[in-house]
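Participant: Here's a structure for you.
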Amino acid sequence: MAKTTIKITGMHCASCTKIISKALEKHEAVSQATVNFATEKAAIDFNSKNISEEGLLQIIKDKGYEGHFVKDLAQEKEKSKKELNNLKNKVLFSAILAIPSLILGMFFMKNPIPFQDYIMWALATPIQFYVGKQFYVGAWAALKNKTSNMDTLIAMGTSAAYFYSVYVVLLGAQGHQYFEASAVLITLVILGKYLEAIAKGKTSEAISKLMKLGAKTALVIRDGKEIKIPIDTVVKGDLVIVKPGEKIPVDGMIVKGHSAIDESMVTGESIPTEKKKGDNVIGSTINKTGSFTFKATHVGSETTLSRIVKLIEEAQTKKAPIQRFADQISSYFVPIVILIAVATFLIWNLVVGAAVGFALIAAVAVLVIACPCALGLATPTAIMVGTGLGAKQGILIKGGDALETAHKLKYVIFDKTGTITKGKPEVTDVVVAKGIKESDVLQIAGSIEKNSEHPLAEAIVEEAKSKKVSWKNITGFKAIVGKGVEAKIGSKKYYLGNPKLMKEKNVDLTPLNSKITSLEQEGKTTMVLSQGTSLLGIIAVADEIKADSPTAIKMLQELDIETYMITGDNERTAHAIAKKAGIKNVFAEVLPEDKANYVKKLQQKGKVAMVGDGINDAPALAQADIGIAMGSGTDVAMETGDIVLMKDSLLDVPKAIKLSKLTMAKIRQNMFWALFYNTLGIPVAAGVLYVWTGWLLNPMLAGGAMAASSVSVITNSLLLKRKKL
């Protein structure tokens, strides 16, 4: 399956998105097409063997819309800037003609100037057919597709006012002309579109800021010389030099030197991270102190920054399930509004006996005030701001569906190793037998384990190194599967392993038995060292829990979310770790391939999130309603989770859920105001209040109110940026 993104021009409401997505999904080669009104983009999954990208674009064009492929985000931003400028020029042109028309129509109605009606006609015509051309094009496209949209309402409303006025002027018919109404109405709608475009630009500024972060050049070593080259020409395997204060150009691995690096733009972590030889560095992060050389591993679109930008882009295109509700309403809404407008005209003119002009103005006001733009913007704008806010703090949410589901979570299951714990075993205790020195135990154990690749062996070697012990020469090294190792130093044989091995070798553990039991009850792995049958000491190793794990668990419990831990460890060790983290529910001795089944069982009771490092937890992450992947932006984490936490901090789990709750609250507020506004506005526009107050809504006021409703919905979404997670 291939993927492509197409930028679409000419969409004016949620009805347009439905026309395009239906047309695309009708083609057998298209598995999914998501069209987003706020971003004006279509994200399409398709079989490239059966249809080309150009073929997809043609489907969109056949429906009356224009589009182009989104390949270069910087270029895309430049195009958006031009479109905004074009819109601004239309607003200015329209205003220059509409304002004199309004002055003539409002203030010279009783004492008109010579040829006033013809002057107003001349002023209104360019607005109607040049500035307003897009509404006719959109209405015609909708008609061809046997549907109706916002353009239909604007085109019908302004045309009714304009052509009725032409009739009055040309035939000298009795009645008032309404050229100023149609001219000002189109001006206000275009102004609303312009303000909407500015506000929509602010909702996606998270992407704009990330794009600006990229380095422009890189200092590389080629043919033994240091040369500065454009970032686009860096290739995999290049040796890149980074000096203090410089941006790291691309992703790579340090081969020489060390430094502290500010990775806040990716992880949201404000404290610089210490990096040394062998550590990975992320492109566009800032080198703070030392100089170092690194080998480029990911360049161009493969860098972490590029992938983050792509993830946010995709997330902002994907619809939340609640958006389908808005789309459904919009598809029925416009035809109903047209019927109400026709009924309004007929009732006022034929039943009440009002003049044609009066009835027409009431019908036009109904058409204009009911435009469902605000409803179409309610969900996507909130999702754009929500995903942007998350990205700023190192929380990447892959789509509106994930953002919506997260607020419904009842259970969160945590993998133990690398998620609740640091994922790297450390020596916690060294207990020695009578007459034995701690340094001797570490020296012998470290020498034996120096050549082993086992994680527990690595922990012992690191501890021995930190105590600066000298190594002994080892012979006869032999691994005893599942129990430990044996080796010789000189003529003496040593054993290092679990208590089971010691019993087999007739080592008397009685002097330290109680200590072994208490250490194991704390969730630590005990390794016993003996010389022959003589007990020398115990080394306890544990994968310590992360400092912020208990706080994160407490925060989730305060959100009424039940927490679980899942691990392959034995019951005693598992419960000891869970107790430290504050988790009461434990699934212990679970094989990696069985984790998904435990998720499935819990899903019978409610929505479940699985939190893991994205490597061996992939099936469980996929099974869960929400897969939350830890791992500082590792390739696997980015591919696997619905939510990716760029920091290795569990505190971001409750933050992600809180962000979901805040975003959903904004969506509901937006939808309430959009629906409330239309429900209240239509009867007022139809003239219900005229019966008691003598007040009739002018179409110009209706146009201003319609534009204001869209801008207010976007502004409400933007307020989400001020929220603290």
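The values are calculated or read from the model by the stated rules, or taken from the named source; none is laboratory data. Keep in mind that this is a model prediction, so the values were computed, not measured. In this analysis, Cβ positions are derived from the backbone assuming ideal geometry, glycine residues included, and neighbour counts consider all displayed protein chains. With ligands, DNA and RNA removed, areas are computed over all heavy atoms of the protein, side chains included. Shrake-Rupley method; radii C 1.70, N 1.55, O 1.52, S 1.80 Å.
Participant: Of Phe129, Phe69, which has the most accessible area with a 1.4 Å probe, and how do the rest follow in descending order?
Facilitator: Largest accessible area first, the list is Phe129, Phe69.
Participant: Next up: In the chain, if the dipole is taken from +1 on Lys/Arg beta carbons and -1 on Asp/Glu beta carbons about the Cα centre, which of Val255, Gly612, Phe414 is farthest to the positive end?
Facilitator: Projecting each Cα onto the dipole axis, the largest value belongs to Val255.
Participant: Could you pull out the pairs from Lys295/Lys392; Lys18/Lys408; Lys41/Lys605; Lys492/Lys546 whose alpha carbons sit more than 29 Å apart here?
Facilitator: Lys41/Lys605; Lys492/Lys546
Participant: Kindly provide log₁₀ I(q)/I(0) values, in the same order as q = 0.20 Å⁻¹, from the Debye equation applied to equal alpha-carbon scatterers of the stretch 492-565.
Facilitator: -0.81
Participant: Farthest toward the dipole's positive end in the chain, which of Val688, Pro380, Val366, given Cβ charges of +1 (Lys, Arg) and -1 (Asp, Glu) about the Cα centre?
Facilitator: Pro380
Participant: Then there is this: How long is the gain from Met106 to Ser31 if the chain were fully straight, where each residue apart is worth 0.36 nm and the alpha carbon distance is subtracted?
Facilitator: 21.5 nm
Participant: Would you mind counting up the charge near Tyr194? Only other residues with Cβ under 10 Å from its Cβ, with Lys and Arg at +1 and Asp and Glu at -1.
Facilitator: +2
Participant: Would you mind getting me the FRET efficiency between Lys465 and Thr9? Use the beta-carbon distance for r and R0 = 60 Å, nearest 0.05.
Facilitator: Efficiency at R0 = 60 Å is approximately 0.45.
Participant: When the scattering of the stretch 35-143 is computed by the Debye formula from its Cα atoms alone, each counted once and equally, what is log10 I(q)/I(0) at q = 0.11, 0.14, 0.18 Å⁻¹?
Facilitator: Here the Debye-derived log intensity ratios amount to -0.58, -0.78, -1.03.
Participant: Measuring from centroid to centroid over Cα atoms, what is the spacing of the stretch 692-722 and the stretch 14-29 in Å?
Facilitator: 30 Å
Participant: Let me ask you something else. Would you work out the Kirkwood radius for the stretch 590-725? I mean one over the mean of 1/r across all pairs of different Cα atoms, in Å.
Facilitator: After inverting the pairwise mean of 1/r, the radius is 18.6 Å.
Participant: Let me ask another. Binned at 10 Å from 0, what are the whole-percent values of the Cα-Cα distance distribution for the stretch 385-434, short to long?
Facilitator: P(r) over the stretch 385-434, rounded to whole percents: 18, 28, 28, 12, 8, 5, 1.
Participant: Check cross-link reach from Lys468 to the aspartates and glutamates: straight Cα distance under 12 Å, and skip same-chain residues fewer than eight apart.
Facilitator: Once the sequence-local aspartates and glutamates are set aside, what remains near Lys468 is Asp440.
Participant: Within 12 Å, Cβ to Cβ, of Lys658, how many net charges do the neighbouring residues add up to if Lys/Arg are +1 and Asp/Glu are -1?
Facilitator: +2
Participant: Which whole number in µm²/s is D for the chain by Stokes-Einstein, with the Kirkwood Rh taken over Cα pairs at 10 °C and 1.306 mPa s?
Facilitator: The calculation lands on 53 µm²/s.
Participant: Here's a follow-up. Sticking with the crude label model, points 7 Å out along Cα→Cβ, report the distance from Leu680 to Lys601 in nm, one decimal please.
Facilitator: Those two pseudo-labels are separated by 5.3 nm.
Participant: Calculate the dipole size of the chain relative to its Cα centre from +1 charges on Lys and Arg beta carbons and -1 charges on Asp and Glu beta carbons; express the result in debye to the nearest 20.
Facilitator: Result for the chain is approximately 820 debye, rounded to the nearest 20.
Participant: Where does the stretch 452-528 land on the Kirkwood hydrodynamic radius, alpha-carbon pairs, in angstrom?
Facilitator: Kirkwood radius, the stretch 452-528: 13.9 Å.
Participant: Would you mind checking Lys488/Lys580; Lys422/Lys554; Lys247/Lys661; Lys7/Lys655; Lys81/Lys310; Lys247/Lys595 for any pair whose Cα atoms are more than 29 angstrom apart?
Facilitator: Lys488/Lys580; Lys247/Lys661; Lys7/Lys655; Lys247/Lys595
Participant: Counting each DSSP H run of 4 or more residues in the chain as -39500 (n - 2.57), what helix-only mean residue ellipticity at 222 nm follows after dividing by all residues, to the nearest 500 deg cm²/dmol?
Facilitator: -16000 deg cm²/dmol, from helical runs alone.
Participant: What FRET efficiency do you get for Ala665 and Lys77 if R0 is 41 Å and r is their Cβ-Cβ distance, rounded to the nearest 0.05?
Facilitator: For Ala665 and Lys77, the calculated efficiency is 0.85.
Participant: Could you point to the residue in Pro550, Leu84, Ala457 farthest towards the positive end of the chain's charge dipole, with +1 and -1 charges on the Cβ of Lys/Arg and Asp/Glu respectively?
Facilitator: Among Pro550, Leu84, Ala457, the one farthest towards the positive end of the dipole of the chain is Ala457.
Participant: Take the Cβ-Cβ distance between Gln531 and Lys49 as r, set R0 to 56 Å, and report the resulting FRET efficiency rounded to the nearest 0.05.
Facilitator: About 0.25, to the nearest 0.05.
Participant: Using only the Cα atoms of the stretch 487-643, what do you get for the radius of gyration and for Dmax, in Å?
Facilitator: Cα radius of gyration and Dmax of the stretch 487-643 are 19.9, 63 Å respectively.
Participant: How much net charge surrounds Gly278 when only the other residues with a Cβ under 12 Å from the Cβ of Gly278 are counted, with Lys and Arg +1 and Asp and Glu -1?
Facilitator: +4
Participant: Something else about it: Shape verdict for the stretch 88-193, please, from the Cα gyration tensor: rounded (a/c under 1.5), prolate (a/b greater than b/c) or oblate.
Facilitator: Taking the square roots of the gyration eigenvalues as a ≥ b ≥ c, the stretch 88-193 is oblate.
Participant: Ok, one more. Find the centroid of the Cα atoms in the stretch 666-687 and in the stretch 505-521, then give the distance between the two in whole Å.
Facilitator: 74 Å
Participant: Same structure again: With all protein chains present and a 1.4 Å probe, how do Glu504, Glu246, Glu28 order by accessible area, largest first?
Facilitator: Largest accessible area first, the residues go Glu28, Glu504, Glu246.
Participant: So the label point goes 7 Å from the Cα of Lys236 along Cα→C-beta, right? Which residues of the stretch 293-310 then have their backbone N under 19 Å from it?
Facilitator: The answer is 294-308.
Participant: Here is a follow-up. Pull up the cross-link candidates among the lysines for Lys88, meaning alpha carbon to alpha carbon under 17 Å and not fewer than 8 places away within one chain.
Facilitator: Correct list for Lys88: Lys77, Lys79, Lys133, Lys193, Lys200, Lys202.
Participant: Sticking with this structure for a sec: In Å², and per residue, what accessible area does the chain have when probed at 1.4 Å with the other protein chains present?
Facilitator: In whole numbers, the chain has 45 Å² accessible per residue.
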